[in-house]
Amino acid sequence: MNMKKFDDISIALLLNDFHNEYSVAVYRGARFAAEQMGISLATFGVGSIESPVQHMAMRSRLFSLVNPEDFDGIYYVSSSLSNYIGVERFRDYVSGYKDIPSAHVGIRHESLLTFGIDNYSGMYDAVSHLITEHGRNKIAYISGTYGVYEADERLKAYRQALLDNNIEYDERYVYQGSFLRDDGFAAVKTFLDERKLDIDGLVGANDHMAIYAMKALQKRGISVPEQVSVVGFDDLVSARSCTPALTTVHQSAFDLGSFAMRRLAEGIRDNNIKAQHEQLPAPLTVRQSCGCVGSSTLHTGATQKESPDMLSEQDRGEWEEQRSFVNLMTRDLIGNFEVDEIFSVLRGQLNYLGINDFSLAQYVEHGQAEVLFDQNGHSGDIFPENQIIRGGLSRLPRPYYRHVLPLFFHEEDIGYFVSDIGTRDVPVLEIIRDHLSGALKGAHLLEAAKRHAKSLQIEVEQRTKELADRTIELEHALNVVQETSEKLERLTVMDELTGLYNRRGFAALSSQQIAIRNRNNSNLLLVYFDIDGLKTINDTLGHAVGDIAIKAFASLLKKVFRSMDIIARIGGDEFVVLAIDCTIREFRIIRRRLDQALDEYNASSNQEFHLSVSAGAAPCISESTYTIDQLMEEADAELYKEKKKKKKD
């Protein structure tokens, strides 16, 4: 029997999304191995199955695109996919692919080829460390989802470590979580407020829950580690950057991802996939949150080496440069509801992001998809959606590396896009997905309204000749539709999140004011604002909290500026104001009012973030002939000076 060559193998990788730090690390390890072996890889962001979070549940539509005929194997990041339904129901969910060789990361089942880390030993060592090294004996525990293998193993280890150290297990000290960061806050509230427990140690079944539990303790004035020692599990990047740095069980998701990919590929090559479980060691990494001084790793037969996934200084510089291109693209997509203009943005920006093969398709009837856009200029072609791209994946040169992400708006499926991109840059695709979904939905609404208005107008003209008595009724209906169309047109100049003008609305209204000013020689002042640290808020607290910060600042701008002034949000964290009959001296007074309003908001909002902004102003005095673009450039330069000064301070 001839063995299959690695460069003839195609594998589908199914994960929840590219927001999740663990899933991204597993993906990067799997792709690293695939590239070394010459294997083709298509990665699908299918979400967590039956997730109560709407934006996660909508992703499951992508399962219909995974065509068994296109792949020699399927690689599941199963711990994330099955988090809400458990292993047994997950097996039933993917039973349609049972004839394809598969590998599962993060679960364990006797009928499957599975891979994980030594959850039990890692957690046992962590709990024992708190007891033997720090004398903790009232240790609370935040579990993962019951029925999920990794969560169950870690809970068993917690219980056994207590028993082996002569501490009686008490279920009141266990909070049932689901691996979400919000469980950290909820657990602390339950332990301290509802159960009235006295704790001196707290262990989270993953880092997200442990870090947010630590924040909840600190917010109550409880000192970590002096009063309560805290330990997590995963050793994510955020575990190293929090204060104090988190003691945690190290699992290299990158190494696990690479190891599982190699084993799956070798099994496909040799036609020898066996149901078995293989695992990597998980040593305890000691930092400050437990009470230890310094940082070290307690090895249990493991050897750690520098991962190919570690970012070099050059990588960080390139990522910062790429972020600026991403900001430009999203700024141009926000509030843009014309299909041709959306595609023009894609054509102009994708190459700067290192994306050279990008196609966008919308769902049509009977399992078909239609090409809306690709970088080769194709559009309008209809093809079976499970081909993924026009002509299927088989037409791509091997090895290929593609990523498939869904496009949807609330509960409405729109379609999906397929893209190449470098391994380190995959989170960019989620940003594109988010803004592109909203822009396409707006474009569809506007087009539908225009078509309906035109249809009714034609009907009015035809029926007027035959049914004169219905003319008034139809004209009334036409007026209603035209009013709706005008409302949609207004949406193209408004920012949906804040209710302020968007970039398009600001450009139109500010140009009018420039023309008026040229006639009456009045003073104008353009002010450019930037919310400080919005990306950090999004990365650490989530995009929902970031939206709260954006809306809060928009409200403050409306409070301190006048109704006659033009206020707009023109990008993710960027705002501009064109102040009418305003000078630099008057703006200094306005700025003091704004700073006072920010202080009052931070003191009373009870939010975890501190809202602050940088600003730059450019005057347009009566003798000058500035354009809006020139004023924005000058104000942006002043804003940059203020940001630079803040960094020095």
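The values are calculated or read from the model by the stated rules, or taken from the named source; none is laboratory data. In this text the structure is predicted, and so the values were computed from the model without any measurement. Here Cβ is always computed from backbone atoms with ideal geometry, including for glycine, and neighbour counts include all displayed protein chains. Calculation scope for accessible area: heavy atoms of the full protein, side chains included, ligands and nucleic acids excluded. Shrake-Rupley method; radii C 1.70, N 1.55, O 1.52, S 1.80 Å.
Of the residues making up the range 618-636, none is buried (at least 20 other Cβ atoms within 10 Å of the Cβ), under 27 Å from the mean Cα position of the chain (by Cα) and within 21 Å of Asp495 (Cα to Cα).
If you go through the range 390-434 and keep only what is within 22 Å of Ser258 (Cβ to Cβ), open to solvent by less than 20 Å² (accessible area, probe 1.4 Å) and more than 16 Å from the chain's Cα centre (by Cα), you end up with Tyr400, Ile421.
Screening Tyr175 with (1) in contact with a helix residue (DSSP H, G or I) (Cβ under 6 Å, 6 or more places away or on another chain); (2) open to solvent by 60 Å² or more (accessible area, probe 1.4 Å) gives one miss only, at (2).
Could you check the range 51-67 and list, in sequence order, the residues that are polar (S, T, N, Q) and farther than 26 Å from Asp99 by Cα?
Ser51, Gln54
Here Lys551 meets the list (1) assigned to a helix (DSSP H, G or I); (2) crowded, with 16+ Cβ neighbours inside 10 Å almost entirely, failing just condition (2).
Which of the residues spanning the range 363-389 are assigned to a loop (DSSP other than H, G, I, E, B), out of contact with any helix residue (DSSP H, G or I) (no Cβ under 7 Å at 6 or more places or on another chain) and surrounded by fewer than 17 Cβ atoms within 10 Å (Cβ to Cβ)? Those that are assigned to a loop (DSSP other than H, G, I, E, B), out of contact with any helix residue (DSSP H, G or I) (no Cβ under 7 Å at 6 or more places or on another chain) and surrounded by fewer than 17 Cβ atoms within 10 Å (Cβ to Cβ): Val364, Glu365, His366, Asn376, Gly377, His378, Ser379, Gly380, Asp381.
Going through (1) closer than 23 Å to Thr43 by Cβ; (2) touching a Ser or Thr at 6+ places or on another chain (Cβ under 9 Å) one by one, Val231 falls short only on (1).
Of the listed requirements (1) small (Gly, Ala, Ser); (2) over 21 Å from Asn606 (Cα atoms); (3) out of contact with any strand residue (DSSP E or B) (no Cβ under 7 Å at 6 or more places or on another chain); (4) in a helix (DSSP H, G or I), Gly546 misses just one: (2).
Okay, residues lined up against (1) open to solvent by 40 Å² or more (accessible area, probe 1.4 Å); (2) of a type outside the set (Gly, Ala, Ser); (3) modelled with pLDDT of 95 or more:
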residue	(1), (2), (3)
Met214	no, yes, yes
Leu217	no, yes, yes
Val231	no, yes, yes
Val237	yes, yes, no
Ser258	no, no, yes
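For the range 85-115, a residue qualifies if it is touching a Ser or Thr at 6+ places or on another chain (Cβ under 6 Å) and more than 26 Å from Ile388 (Cβ to Cβ), and the qualifying residues are Ile107, Arg108.
Taking the range 172-201 as the range and being hydrophobic (A, V, I, L, M, F, W, C) and modelled with pLDDT under 95 as the test, the residues that pass are Phe179, Leu180. Within the range 620-638, track down each residue that is of a type outside the set (S, T, N, Q) and either modelled with pLDDT of 90 or more or in a helix (DSSP H, G or I) (or both). Once the filter is applied, which keeps residues that are of a type outside the set (S, T, N, Q) and either modelled with pLDDT of 90 or more or in a helix (DSSP H, G or I) (or both), the range 620-638 yields Ile628, Asp629, Leu631, Met632, Glu633, Glu634, Ala635, Asp636, Ala637, Glu638. Taking the criterion of being aliphatic (A, V, I, L, M), under 18 Å from Leu180 (Cβ atoms) and out of contact with any Lys or Arg (no Cβ under 8 Å at 6 or more places or on another chain), would at least one residue in the range 14-23 satisfy it? Yes, there is a match, as at least one residue in the range 14-23 is aliphatic (A, V, I, L, M), under 18 Å from Leu180 (Cβ atoms) and out of contact with any Lys or Arg (no Cβ under 8 Å at 6 or more places or on another chain).
Taken over the range 132-177, the residue count meeting the criterion of being more than 20 Å from Ile211 (Cα to Cα) and not aromatic (Phe, Trp, Tyr) is 23.
Quick one: would you say Glu447 is in contact (Cβ under 8 Å) with a residue 24 or more places away in the chain and under 19 Å from Ala30 (Cβ atoms)?
No.
Kindly provide the set of residues from the range 446-464 that are closer than 29 Å to Phe408 by Cβ and open to solvent by 80 Å² or more (accessible area, probe 1.4 Å), ordered by number.
Lys450, Arg451, His452, Lys454, listed by residue number.
State which residue is modelled with the lowest pLDDT when the search covers only the range 557-585 and only residues that are assigned to a helix (DSSP H, G or I) and touching a strand residue (DSSP E or B) at 6+ places or on another chain (Cβ under 9 Å).
Out of the qualifying residues, it is Ile584.
Close contacts from the range 67-87, counting a first residue that is of a type in the set (Gly, Ala, Ser) and a second that is in a helix (DSSP H, G or I) and modelled with pLDDT under 95, with Cβ to Cβ under 6 Å and a gap of 6+ residues or different chains, come to Ser79/Glu150; Ser80/Ser23; Ser82/Phe90.
Residues in the range 331-357 that are part of a loop (DSSP other than H, G, I, E, B), at pLDDT below 90 and loosely packed, with under 15 Cβ neighbours inside 10 Å: there are none. For beta carbons closer than 8 Å, sequence separation of 6+ or different chains, a first residue in the range 524-542 that is closer than 20 Å to Leu180 by Cα and a second that is open to solvent by 30 Å² or more (accessible area, probe 1.4 Å) and among the small types (Gly, Ala, Ser), the qualifying pairs are Thr540/Ser238. Here Leu112 meets the list (1) in contact with a helix residue (DSSP H, G or I) (Cβ under 9 Å, 6 or more places away or on another chain); (2) of a type outside the set (Ser, Thr, Tyr); (3) open to solvent by 40 Å² or more (accessible area, probe 1.4 Å); (4) in a loop (DSSP other than H, G, I, E, B) almost entirely, failing just condition (3). For the residues Asp152, Asp183, the requirement of being open to solvent by 30 Å² or more (accessible area, probe 1.4 Å) and part of a helix (DSSP H, G or I) singles out Asp152.
Yes or no, residue by residue, for (1) in contact with a Phe, Trp or Tyr (Cβ under 7 Å, 6 or more places away or on another chain); (2) not in a loop (DSSP other than H, G, I, E, B):
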| position | (1), (2) |
| --- | --- |
| Lys4 | no, no |
| Gly29 | yes, yes |
| Thr43 | yes, yes |
| Arg59 | no, yes |
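Residues that are modelled with pLDDT of 95 or more, crowded, with 18+ Cβ neighbours inside 10 Å and not in a loop (DSSP other than H, G, I, E, B) are absent from the range 163-171 altogether. Between Gln227, Gln279, Gln304, Gln314, the distinction of being at pLDDT 95 or above and open to solvent by 20 Å² or more (accessible area, probe 1.4 Å) belongs to Gln227 only.
The set of residues in the range 492-524 being part of a strand (DSSP E or B) and more than 36 Å from the chain's Cα centre (by Cα) consists of Leu524 alone.
Being surrounded by fewer than 18 Cβ atoms within 10 Å (Cβ to Cβ) and free of Cβ contacts under 8 Å to residues at least 24 places away in the same chain is a property that holds for Ser563.
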